[in-house]
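Participant: One structure is given below, represented as structure tokens, and several questions about it will come after.
The values are calculated or read from the model by the stated rules, or taken from the named source; none is laboratory data. In this text the structure is predicted, and so the values were computed from the model without any measurement. We place every Cβ from the backbone using ideal geometry, glycine too, and count neighbours over all the protein chains shown. Areas reflect the complete protein model, heavy atoms only, side chains present, ligands, DNA and RNA absent. Shrake-Rupley method; radii C 1.70, N 1.55, O 1.52, S 1.80 Å.
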Amino acid sequence: HESFPSSRHRDPVSFMPGGPSRRACSHVVEVRNVKPDSPPGVSQQARTVARIGPGRGLFLTHAVKGGDVILVDDPVMIYVDEGQKRHTCAHCFRMQSGEKGELPRSCATCKQVWFCSTQCQEAAARATPGQGHSPQECALLHKMSGISKRLGGQEGITLARMLIKAALIKVHDTDRWRQLQDLCAPDGLEDHQCDWGMICLRTMELGGECSELGGAQARLMLQRDASNGMGILARKEPGQAAALRAGCLYGTCSMLNHACSPNVARFDDFDSPQEGNMRVIVKALSDMDAGTELRMNYLSILVGVEERQKRLLDEYGFKCECDRCYLEQLFPDDESDDEKEDSKFHCKNAPNEKPSHVPTVEEEDRRNALALWIAKFSCPEEDCGGTMAPVAEGGAAQQNGGTSKKRKLSDCTDDGEQQQEQADAEVLMECNRCGQVLRGLDRVYDLLE
């Protein structure tokens with residue numbers, strides 16, 4: 001995704017097609033250990049350097065079609081980002097405009113959370129500690145406000161909020177705490193924007209449930225959040241930079257591993273007025289057989305190879321060596337002008353030096369296939385960065401008719417190829433970030449034109 005204020009979370013998205021009432025495939029995924037040599041994309045050397053074990057992943061138990069909803073998941077823990085606390089309801093996590101852009105109600109005791117309505121404020125006070133805004137959390141946030149200047153700025157305060165939630169869940173919600181502990185906590189990760197050790201120490205000084213969490217568990221939670229957390233985008237107004245409203249940890253969805261060319265996309269709609277707005281759904285980008293590991297892109301599929309490899313190493317502790325990274329390094333002319341400018345400072349060869357490897361015809365074919373794949377699954381909206389996923393037959397977008405634009409297909413000599421191209425052209429694709437719906441090959445033809 002674009003430059004966000006937090007490096008802790010995977011690619012944020014903001015649109016769930018069809019709302020939470022869509023039916024998910026049941027019992028389609030299972031958790032398995034991932035073999036050390038299986039990623040693809042994570043070298044054994046990188047795993048050794050970062051001390052990250054093989055971990056686990058999600059695998060299909062049944063074949064699925066492109067556009068199928070594979071998984072629906074509710075958050076185990078969710079917390080407001082410090083920078084958006086006045087604009088994000090601490091109970092439903094919707095963002096609504098109030099006077100001066102703030103929500104209409106705030107907690108009079110701790111003065112650290114805001115609500116969109118009296119109903120949400122009352123429901124938050126009745127929620128189990130760790131969910132909503134319980135009296136125990138209110139007391140801890142009130143104490144935290146007194147030491148906020150010692151937490152290392154907005155990023156540190158947000159992490160302290162997360163640790164307060166985790167401490168309350170550990171003491172008061174055994175089931176959710178077990179789900180949090182099931183998430184991996186790889187060693188070797190560190191947030192470069194603030195001092196984790198200092199945040200753990202200051203949070204433990206708040207007393208109460210935080211002291212029962214303990215320093216060791218607090219650091220493990222920071223590691224789980226860094227490697228498994230998913231960021232939720234704030235509403236983006238014209239001229240404003242993208243920002244996060246909240247961070248989430250999901251019990252199942254957080255086990256999705258990374259791929260630069262993913263086979264699933266994540267959708268959500270936190271501002272939906274319907275119940276279940278905090279659910280996330282995972283959709284198949286294409287047909288897949290049973291036994292396939294599901295992989296999402298932690299960033300955006302439009303991020304160039306130089307930036308992508310740097311961020312994956314810095315934020316997740318591994319160096320990606322997948323086929324896409326190999327091809328994009330082999331064909332640097334495919335990079336954007338900005339990426340070309342950046343690569344001048346990282347290129348190992350001199351500007352006029354011939355490359356050490358001349359691409360083969362087979363590698364050129366793979367490069368061309370990759371370019372078409374990116375064109376097909378990337379949102380054409382400027383500055384969106386979302387992923388386009390097929391709409392399953394009978395899905396909400398198809399019922400709305402999608403776009404009416406028609407295209408002339410290429411002159412295929414093979415009847416089978418022409419029929420397949422016709423089928424691909426008629427498939428509706430929807431963006432997991434901005435929500436627009438287009439016919440399957442519109443973006444590819446627009447790009448070629």
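Participant: Under 8 Å by Cβ, and 6 or more places apart or on different chains, what pairs join a residue from the stretch 301-313 that is part of a helix (DSSP H, G or I) with one that is of a type in the set (Lys, Arg)?
Facilitator: Correct list of pairs: 305/324; 309/319; 312/319; 313/319.
Participant: Could you grab me the full set of residues in the stretch 145-168 that are part of a loop (DSSP other than H, G, I, E, B) and of a type in the set (A, V, I, L, M, F, W, C)?
Facilitator: Step one: of the stretch 145-168, the residues part of a loop (DSSP other than H, G, I, E, B) are 147, 151-153.
147, 151, listed by residue number.
Participant: Another one. Residue 206 - would you say it is part of a loop (DSSP other than H, G, I, E, B) and at pLDDT 95 or above?
Facilitator: Judged against the criteria, residue 206 is a match.
Participant: Sticking with this structure for a sec: With respect to residue 233, is the statement that it is open to solvent by less than 10 Å² (accessible area, probe 1.4 Å) and either among the charged types (D, E, K, R) or in contact (Cβ under 8 Å) with a residue 40 or more places away in the chain (or both) true? Steps first, please.
Facilitator: Values: open to solvent by less than 10 Å² (accessible area, probe 1.4 Å): no; either among the charged types (D, E, K, R) or in contact (Cβ under 8 Å) with a residue 40 or more places away in the chain (or both): yes.
Against the criterion (open to solvent by less than 10 Å² (accessible area, probe 1.4 Å) and either among the charged types (D, E, K, R) or in contact (Cβ under 8 Å) with a residue 40 or more places away in the chain (or both)), residue 233 does not qualify.
Participant: Which number in (1) surrounded by fewer than 21 Cβ atoms within 10 Å (Cβ to Cβ); (2) modelled with pLDDT under 90 marks the one condition that residue 189 misses?
Facilitator: Unmet for residue 189, out of (1) surrounded by fewer than 21 Cβ atoms within 10 Å (Cβ to Cβ); (2) modelled with pLDDT under 90: (1).
Participant: Also: Does residue 122 satisfy being open to solvent by 40 Å² or more (accessible area, probe 1.4 Å) and modelled with pLDDT of 95 or more? Full working, then the answer.
Facilitator: Details: open to solvent by 40 Å² or more (accessible area, probe 1.4 Å): yes; modelled with pLDDT of 95 or more: yes.
Yes: the conditions hold for residue 122.
Participant: OK, next. Would you be able to tell me the number of residues in the stretch 148-163 that are open to solvent by 30 Å² or more (accessible area, probe 1.4 Å) and touching a Leu at 6+ places or on another chain (Cβ under 9 Å)?
Facilitator: Step one: of the stretch 148-163, the residues open to solvent by 30 Å² or more (accessible area, probe 1.4 Å) are 148-150, 152-154.
With touching a Leu at 6+ places or on another chain (Cβ under 9 Å) added as a condition, the list becomes 152.
The total comes to 1.
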